[in-house]
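*Asks:* One structure follows; several queries about it will come next.
What follows is calculated from the coordinates using simple rules that are stated; it is not laboratory data. The structure displayed is predicted, hence computed values, not measured ones. Virtual Cβ from ideal backbone geometry, glycine too; neighbours counted across all protein chains shown.
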Amino acid sequence: MPVVIVENDISQWEDETGSVYHFPKRYSLFLTPGTEVIYYKGRIKDKAFASTRLSGEPHYFGKARIGKIYADRGSDKGDLFALIEGFTPFERAVPAKSGGGYLETIPATRLTNYWRDGVRPVSEADYDLILSHAKLLPTQVETDLPDIQDDPLTFISANEGSKTSYFGTRYERRKDLRVKAIAIHGLGCKACGFDFEQAYGDHAKGFIHVHHVVPISDFGGEKAVNPETDLVTLCANCHAMVHRRRDMTLSLGELKSMLRGRWVKNT
């Protein structure tokens with residue numbers, strides 16, 4: 001059964017649209033891998049968010065599919081989060097009301113509290129009706145700038161402080177994979193345990209490097225990346241050491257062994 005998921009402008013979770021979606025465990029019956037979902041926003045309450053929305057009125061703004069689901073390690077209430085797959089934004093907002101009636105069928109027993117639910121199962125007919133009002137944009141895949149540590153440069157001008165020419169290959173990185181990797185692995189370094197926010201406070205909140213276990217430059221072309229098994233979170237120091245030698249990328253196990261040896265030697 002398709003589902004409408006609500007995205008609030010202000011939330012206890014700082015989810016990235018189309019990448020990760022946190023939800024209370026009471027909605028786990030509706031949000032399962034493979035479930036088709038439509039994104040919804042209610043009426044705007046803070047005009048500061050006007051520029052980030054398609055409309056200030058209640059509306060639908062994209063469709064996607066639920067991927068793998070994980071327990072939220074930071075929750076003591078049993079909250080969960082889902083990886084979002086195939087997010088496709090709408091070109092324009094689809095109003096919740098059309099022709100004087102709602103696009104969602106509201107059960108007679110829910111007339112007074114239907115819109116309070118953050119996750120709402122809908123019929124296939126309602127799902128198709130909402131999409132019939134939508135003009136879909138291309139599936140959204142954002143890319144990050146290349147990470148020099150992962151991709152050795154063929155040549156960079158030795159001059160500093162001026163524009164330079166780049167000769168070599170840049171490999172695109174999908175932003176949603178980084179977000180998913182952090183949600184799965186957390187913000188602590190998986191080699192040494194360093195946490196940027198604990199060390200530097202709010203200024204470093206959410207900061208961590210995301211390392212490809214197999215460097216993108218070794219892919220030989222496009223390849224499906226699993227954020228759980230193919231990516232890992234590392235601090236800047238450990239990430240630099242993994243790529244210290246251009247002809248050899250250390251495994252996480254090798255890096256941990258080096259750290260253990262160093263700690264034993266210094267004790």
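*Asks:* Please state the shape class of region 27-141: rounded when a/c is under 1.5, otherwise prolate if a/b exceeds b/c and oblate if not, all from the C-alpha gyration tensor.
*Replies:* Here region 27-141 falls in the rounded category.
*Asks:* Suppose R0 equals 30 Å. What FRET efficiency, 1/(1 + (r/R0)^6) with r the Cβ-Cβ distance, do residue 254 and residue 226 give to the nearest 0.05?
*Replies:* 0.90
*Asks:* Let me ask something additional. Mind listing which chymotrypsin sites (Phe, Trp or Tyr not before Pro) in region 174-244 are in a DSSP loop and have 15 or fewer other Cβ atoms within 10 Å?
*Replies:* 207, 219
*Asks:* Round to the nearest 0.05 the FRET efficiency obtained for residue 245 and residue 71 when R0 = 45 Å and r is the Cβ-Cβ distance.
*Replies:* 0.75
*Asks:* If amide hydrogens are placed 1.01 Å from N in the peptide plane, which non-local residues have theirs closer than 5 Å to the one on residue 62?
*Replies:* 39, 90
*Asks:* With a point put 7 Å past each Cα toward its Cβ, work out how far residue 25 is from residue 236 in nm, to one decimal.
*Replies:* 3.9
*Asks:* Provide the per-residue ³J(HN,Hα) series for region 192-201, in order, calculated from phi with Karplus coefficients 6.51, -1.76, 1.60 and θ = phi - 60°, each as a whole number of Hz, with x at glycine and proline positions.
*Replies:* With the stated coefficients, region 192-201 comes to 10, x, 4, 10, 4, 5, 5, 7, 10, x Hz.
*Asks:* Given R₀ = 35 Å, what would the calculated FRET efficiency be for residue 207 paired with residue 113, taking r from the Cβ atoms and rounding to 0.05?
*Replies:* Computed FRET efficiency for residue 207 and residue 113: 0.30.
*Asks:* Quick check: convex hull of the Cα atoms in region 1-59, volume per residue, rounded to a whole Å³?
*Replies:* 99
*Asks:* Once you place label points 7 Å from the Cα toward the Cβ at residue 97 and residue 48, how far apart are they in nm?
*Replies:* Distance between label points: 2.9 nm.
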